[in-house]
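Q: Pasting a structure here, questions to come.
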Amino acid sequence: MSTSQDMGLFQTIQERHSVKKYEKGFVIPEQDVTEMLEAAIEAPSSWNLQHWKFVVIDDQAKKEQLLPITYNQKQIVESSFTVAILGDLKANENAEVIYENAVNKGLMAEDIKNTLVGQIHSAYEGDTPFPRDEAVLNASLAAMQLMLAAKAKGYDTCPMGGFQRSRFVEEFNVPERYVPVMLVTVGKAAEPARPSERFPLEDVVIKNTF
């Protein structure tokens, strides 16, 4: 059964498109920025480790510094701000605090906490792609939530994968613990996004097995 809230969510999803041209100089109130970021951190994550860090770039000089790193894509300097979505390669180090809080609130037994924390640290041991895969996967969930929250508040966004990650790390002093996943520009569209097509549902949905 559909509800009015369902329709609002689905409308937001349908209306969100990647915007390339923004109103220059448009300032988003700080309260709105905070609310969008708060919505982003409500995203789900494996073991609730919250594998994300956000670098909000709104200073004009920093935007100009970021511009060549993104191959001079003008949306970087024209949007209100850009959020660099980083994934945490050592998110397992969050486990002790997260689960200790759960124990203190009576939501989890101490022995269960210890078992979970041990399992999490074991998963991160060794030279495997697991930490990076988890960092990218879970940070991407937060990025999508940020974009939907922005659209719900009347703003526009564009996820960007086309940038020099190693150069970003160097110039923006990103600690080794974090890996750049994507950039998300946020602002007010100066012109509508280009229409984009989607494959029909029957082309992308397989029930049960191939």
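Q: Once the other residues with Cβ under 12 Å from the Cβ of Thr157 are scored (Lys, Arg +1; Asp, Glu -1), what is the net sum?
A: Summing Lys and Arg as +1 and Asp and Glu as -1 gives +3.
Q: Lys and Arg at +1, Asp and Glu at -1: add these up for the other residues within a Cβ distance under 14 Å of Gln60 and post the number. Display every interim value, and only then the final one.
A: Details: positive: Lys24, Lys62, Lys63, Lys74; negative: Asp58, Asp59, Glu64, Glu78.
Residues close to Gln60 contribute a combined charge of 0.
Q: Not counting ligands, DNA or RNA, and with a 1.4 Å probe, what is Ser122's accessible surface area in Å² rounded to the nearest 10?
A: The accessible area comes out at roughly 70 Å².
Q: Another question, then. For segment 93-166, what is one quarter of the convex hull surface built on the Cα atoms, given in nm²?
A: For segment 93-166, the mean projected area of the Cα convex hull comes to 7.6 nm².
Q: Taking 0.36 nm per intervening residue step and subtracting the Cα-Cα distance, what contour gain separates Thr115 from Arg177 on full extension?
A: On the way: separation 62, 0.36 × 62 = 22.32 nm, distance 2.45 nm.
Result: 19.9 nm gained on full extension.
Q: At a temperature of 20 °C and a viscosity of 1.002 mPa s, determine how fast segment 1-130 diffuses translationally according to Stokes-Einstein, using the Kirkwood radius over alpha-carbon pairs as Rh; express D in µm²/s, rounded to the nearest whole number. All intermediate terms of the calculation are to be shown ahead of the outcome.
A: On the way: Rh = 18.4 Å.
My calculation gives 116 µm²/s for D.
Q: Kindly sort Leu67, Leu116, Leu107 by accessible area of their heavy atoms, largest first, with the probe set to 1.4 Å.
A: Values: Leu67 15, Leu116 40, Leu107 135 Å².
The residues order as Leu107, Leu116, Leu67, largest area first.
Q: Turning to a different aspect of this structure: Sticking with the crude label model, points 7 Å out along Cα→Cβ, report the distance from Lys207 to Arg167 in nm, one decimal please.
A: 5.0
Q: Which of the three applies to segment 83-210, rounded, prolate or oblate, going by the alpha-carbon gyration tensor with a ≥ b ≥ c and a/c under 1.5 meaning rounded? Don't jump to the answer; show the numbers that get you there.
A: Values: a/c = 1.84, a/b = 1.52, b/c = 1.21.
Verdict is prolate for segment 83-210.
Q: Over segment 36-188, with the other protein chains present, what is the accessible area per residue in square angstrom, probe 1.4 angstrom? Working shown, then result.
A: On the way: 7210 Å² over 153 residues.
I get 47 Å² per residue for segment 36-188.
Q: Still on this structure: Going by accessible area, probe 1.4 Å, with all protein chains left in place, what is the ranking of Arg165, Arg132, largest first?
A: Working: Arg165 80, Arg132 125 Å².
Sorted descending by solvent-accessible area, the residues read Arg132, Arg165.
Q: Now a separate question. For a bin width of 10 Å, list the pair-distance distribution of segment 33-101 built from all Cα-Cα distances, rounded to whole %.
A: 18, 37, 28, 15, 2
Q: Between Glu30 and Ala61, take the C-beta separation as r, use R0 = 25 Å, and let me know the FRET efficiency to the nearest 0.05. Please report the intermediate quantities before stating the final value.
A: On the way: r = 19 Å, r/R0 = 0.76.
Working from the Cβ atoms, E equals 0.85.
Q: Please give the contour-minus-distance gain from Arg198 to Glu42: 0.36 nm per residue of separation, less the Cα-Cα distance, rounded to one decimal in nm. Can you show the working numbers first?
A: Details: separation 156, 0.36 × 156 = 56.16 nm, distance 2.74 nm.
Between Arg198 and Glu42, full extension yields an extra 53.4 nm.
Q: Would you work out if segment 161-210 is rounded, prolate or oblate? Take a ≥ b ≥ c from the square roots of the eigenvalues of the alpha-carbon gyration tensor; rounded if a/c is under 1.5, else prolate when a/b is larger than b/c, oblate otherwise.
A: On the way: a/c = 4.03, a/b = 1.53, b/c = 2.63.
Judged from the Cα gyration tensor, segment 161-210 comes out oblate (a/c at least 1.5, b/c at or above a/b).
Q: Let me cross-check Tyr178: its accessible surface, 1.4 Å probe, with only protein heavy atoms counted, in Å² to the nearest 10?
A: About 40 Å², rounded to the nearest 10.
Q: Next question. Net charge around Arg198, counting only other residues with Cβ within less than 15 Å of its Cβ (Lys, Arg = +1; Asp, Glu = -1)? Could the numbers behind the result be given before it?
A: Values: positive: Arg16, Arg194; negative: Glu15, Glu197, Glu202, Asp203.
Net charge around Arg198: -2.
Q: Tell me, what % of the accessible area of segment 88-210 is carbon and sulfur with a 1.4 angstrom probe? Walk me through the numbers on the way to the answer.
A: Values: 4040 of 7520 Å².
Percent of accessible area from carbon and sulfur atoms in segment 88-210: 54.
The values are calculated or read from the model by the stated rules, or taken from the named source; none is laboratory data. Worth saying up front: this structure is predicted, and the values here are computed from it rather than measured. Heads up, the Cβs are rebuilt from the backbone with ideal geometry, glycines too, and the neighbour counts pull from every protein chain shown. Note: accessible area is taken over every heavy atom of the protein model, side chains too, but ligands, DNA and RNA are not part of it. Shrake-Rupley method; radii C 1.70, N 1.55, O 1.52, S 1.80 Å.
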